[in-house]
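Engineer: Below is the structure I would like to discuss, written out as structure tokens.
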Amino acid sequence: MTPLTERYLLAAQEAHISALQQLPASCALVGVVCELIHQLQRERGISNIFLASASVLFASQREQQLQHSMLAAQQLYTALNFPEPQLAAGSRLFSKIALALQGMDQLDTLRNHIVTQHITPLQATAAFSRLIAVWLAVVLELADLACDANISRSLVALFNLLQTKEYAGQERAWGAMGLASGQLDAELAQRLALLQHAQQDSADTFLQFASVEQSRQWRALQNNASGTQLQQLRQLIHQLAGSEHTIPAISDIWYQLATDRMDAMHQLQGAMLVSLQRLATAGLRLARQQLRSQRHQLSTLADLPQDDGFGVLFDPAMPGLYGASSVLMGGTSGFTAPNRVFYQLLSEQARQISQMQAELSDARQAVDRQKRIDRAKLLLMQHKQLSEEQAYRQLQHSAMQRQCKIADIAEVVIQALCAE
């Protein structure tokens, strides 16, 4: 065991700790981004009704909500305004944050258009949705950069909960506009159905990565009174679509039930953020304990006689000569304890890193699926001159017709359009 070999054994663990030290800042950023998204979703819904009623309804609620949104924005700016980048390194992450911040810079303009009624409810809803989408992309990128499997899985679960909640918010907006105007046509009913399908798709991925307790809480909020009544109202809207018997008074009931469901998701989101911070703290603590243990074991071996016979060159479990067997190569029973212990330290560290990468791969596949969907949407928008909504609806339609996941259709679209 040379000093250089020992140094690199410890350096591997120190590099792991260095990466873990960035996780608390990343988790804190996720927390403030989640809160901002929630407040923007509320502002979007209130502004929608404020505009649709020509400033008659929700004027005071809108003023109150503006304070909540601005407080959430200030907390975000504080979290981002660090003297040096403390987040996991990644140019994509910083680029997405810059794009989202540029959207924040335009919020005052959007709000002025709303208060002066110089924008339609649909245009305002679309603008808020774009801003929310770029912040969701930041959360997705943070999930992709996480170096700890438990953190990565939790972030993937959280992202998909946020995505489900965003689709629910868009369903709330479209439903409220249709009911308030008394125009529940077949196209709107189809759009609502697609949003419900999108929620289910994201919720399925959430449940794949959520803990047992988080899954239980999700099913509870789905089956509570508000969730059951919302489902009944969905069925009623489907029945009324295209008829002349729409009931605008249902709009308030629809908005409240949809809001109750989103608020319940927000509570689950809060519990997940607390769990996320605990995981980050526990992971860092464990890594530091392992480093101390390695240093202690190495110090106890320093004064013992060494034997160069035990190590990677004579370990039959290591890949090497093709076709050779461990029996033919011989055993290793004659090697001395000091080198055996040191090599076990090396092997255990390599095994832990390999296992962590395998677990991370599972979570990153879910991240990659979402990124494929985003890329397929962009390609459809560029090649077929579609809006984002039209591109996503096309992917959804194809997935429903073929009874497969949207990500599978997205991969087909990417290959086809990139080959042109």
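The values are calculated or read from the model by the stated rules, or taken from the named source; none is laboratory data. Keep in mind that what you see is a predicted model, and the values were worked out from it rather than measured. All Cβ positions, even for glycine, are placed from backbone atoms using ideal geometry, and neighbour counts span all protein chains on display.
Engineer: Residue pairs, Cβ under 9 Å, 6 or more apart or interchain, first in the range 371-394 and closer than 18 Å to residue 195 by Cβ, second of a type in the set (Asp, Glu) and in a helix (DSSP H, G or I). List them.
Structural biologist: 377/388
Engineer: Moving to a separate point now. Could you tell me which residue of the range 179-223 is nearest to the chain's Cα centre (by Cα), considering only residues that are at pLDDT 90 or above and either outside any helix (DSSP H, G or I) or assigned by TED's automatic domain parsing to the domain that holds residue 367 (or both)?
Structural biologist: It comes out as 210.
Engineer: What number of residues within the range 109-123 are of a type in the set (S, T, N, Q) and over 18 Å from residue 41 (Cα atoms)?
Structural biologist: Qualifying residue count for the region: 2.
Engineer: Return yes when residue 131 is of a type outside the set (Ser, Thr, Tyr), closer than 30 Å to residue 19 by Cα, in the same structural domain as residue 169 (by TED's automatic domain parsing) and part of a helix (DSSP H, G or I) and no when it is not.
Structural biologist: yes
Engineer: Next up: I'm trying to understand the selection: among the residues of the range 260-293, which are over 18 Å from residue 30 (Cα atoms) and in contact with a Pro (Cβ under 6 Å, 6 or more places away or on another chain)?
Structural biologist: Once the filter is applied, which keeps residues that are over 18 Å from residue 30 (Cα atoms) and in contact with a Pro (Cβ under 6 Å, 6 or more places away or on another chain), the range 260-293 yields nothing.
Engineer: Would you confirm, using the coordinates I've provided, whether residue 190 is of a type outside the set (A, V, I, L, M, F, W, C) and out of contact with any helix residue (DSSP H, G or I) (no Cβ under 6 Å at 6 or more places or on another chain)?
Structural biologist: For residue 190, the condition - of a type outside the set (A, V, I, L, M, F, W, C) and out of contact with any helix residue (DSSP H, G or I) (no Cβ under 6 Å at 6 or more places or on another chain) - is met.
Residues checked against (1) closer than 23 Å to residue 50 by Cα; (2) part of a loop (DSSP other than H, G, I, E, B); (3) at pLDDT 90 or above:
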site: 239; (1), (2), (3): no, no, no
site: 248; (1), (2), (3): yes, yes, no
site: 252; (1), (2), (3): yes, no, no
site: 257; (1), (2), (3): yes, no, yes
site: 262; (1), (2), (3): yes, no, yes
site: 267; (1), (2), (3): no, no, yes
site: 272; (1), (2), (3): no, no, yes
site: 275; (1), (2), (3): no, no, yes
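Engineer: Next question, about the same structure. Taking residue 64 as the residue in question, decide whether it is modelled with pLDDT of 95 or more and either basic (Lys, Arg) or touching a Ser or Thr at 6+ places or on another chain (Cβ under 8 Å) (or both). Show your work before the answer.
Structural biologist: On the way: modelled with pLDDT of 95 or more: yes; either basic (Lys, Arg) or touching a Ser or Thr at 6+ places or on another chain (Cβ under 8 Å) (or both): no.
Judged against the criteria, residue 64 is not a match.
Engineer: Does residue 360 qualify as being at pLDDT below 75, surrounded by 17 or more Cβ atoms within 10 Å (Cβ to Cβ) and in a helix (DSSP H, G or I)?
Structural biologist: Yes, satisfied.
Engineer: Here is a follow-up. Output yes when any residue across the range 163-176 is in a helix (DSSP H, G or I), in the same structural domain as residue 98 (by TED's automatic domain parsing) and at pLDDT below 85, and no when none is. Before the answer, list the steps.
Structural biologist: Applying the first criterion (in a helix (DSSP H, G or I)) to the range 163-176 yields 163-176.
In the following step, the residues that additionally are in the same structural domain as residue 98 (by TED's automatic domain parsing) were identified as 163-176.
Checking which are at pLDDT below 85 leaves us with 176.
Yes, the range 163-176 has at least one match.
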